[in-house]
Structures are given as structure tokens and as C-alpha cells.
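Colleague: Okay, handing you the structure first.
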Amino acid sequence: MSHTKEGQELYAALLALNQSVFTQGLYEAAYHYLAAALHCTQAILNAQTAKAVEQLALAQLRHIDQVAPEHKLSTKSVEARHGLNLYQQLARIAETEAQLFAKLGPPPFDE
């Protein structure tokens, strides 16, 4: 059983679900699918997939900010509540994982 192959399949499925619910305006669900996809990057064993999650999180946040500025996940709404933006945090985590994968390689698997 290949962690890489399984990880790629799960990653692709989660990104497809992310896109599906995002286009329906279900931004919270889309965030969670994207976060789950980021967790799969550990099984895919490369920095590019984590970087792709970072870029997608930022693109989706830009879309929310433009199309739904009053939505609770928009930058405007989060700043009004003095909170942390989930999409920005996800992008930071993905960026950090990409840097770690690039420097250290993938984490070892527990088998």
C-alpha cells in the first residue's frame, strides 16, 4: 500500500469537494475540505502540494473579500471582530509545511 498514491487520491478528492462547495458559496465547508487536503500533503511527500494549498487558500479569501465582503470569513468581518482569519491561517500553515518539506523532506510514517 502506497502512502503517496493514497495521499494523492485523497488530496485530489478533497480539492474537488472544496471547489464544489466553494462555488456554491459554502465557504466554511470549503475551508474545512482545503484544510483536510493540507493534511494529506504529508502522504504526498512534496512541498508543491502544500504550496498549492497556500495559494488556493489565498485565492479563495480574495474571492470571498470581493464577492461576499460581509461573510463572516471575509477579511473585513474578521478585522471588525479583531479575530484571526481562518483562510490566512491555513495559508500560513501550508507555507510553513512547504518550507519544512523542502528543507527536511517528508515526515516519517508510523507503520
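Colleague: Take segment 58-70 and flag every residue that is surrounded by fewer than 22 Cβ atoms within 10 Å (Cβ to Cβ) and assigned to a helix (DSSP H, G or I).
Modeller: L58, A59, Q60, R62, H63, D65, Q66, V67
Colleague: Same structure, new question: Listed residues V53, V21, V67; which is within 9 Å of the chain's Cα centre (by Cα) and not acidic (D, E)?
Modeller: Unique residue meeting the criteria: V53.
Colleague: With Q55, Q42, Q48 as the choices, which residue is out of contact with any helix residue (DSSP H, G or I) (no Cβ under 7 Å at 6 or more places or on another chain), at pLDDT 95 or above and part of a helix (DSSP H, G or I)?
Modeller: Answer to the check: Q55.
Colleague: Select, from A50, A37, A30, the only residue that is surrounded by 16 or more Cβ atoms within 10 Å (Cβ to Cβ) and touching an Asp or Glu at 6+ places or on another chain (Cβ under 6 Å).
Modeller: A50
Colleague: Is it the case that L73 is at pLDDT 95 or above and in a loop (DSSP other than H, G, I, E, B)?
Modeller: Yes, satisfied.
The values are calculated or read from the model by the stated rules, or taken from the named source; none is laboratory data. In this text the structure is predicted, and so the values were computed from the model without any measurement. All Cβ positions, glycine included, derive from the backbone under ideal geometry; neighbour counts span all protein chains shown.
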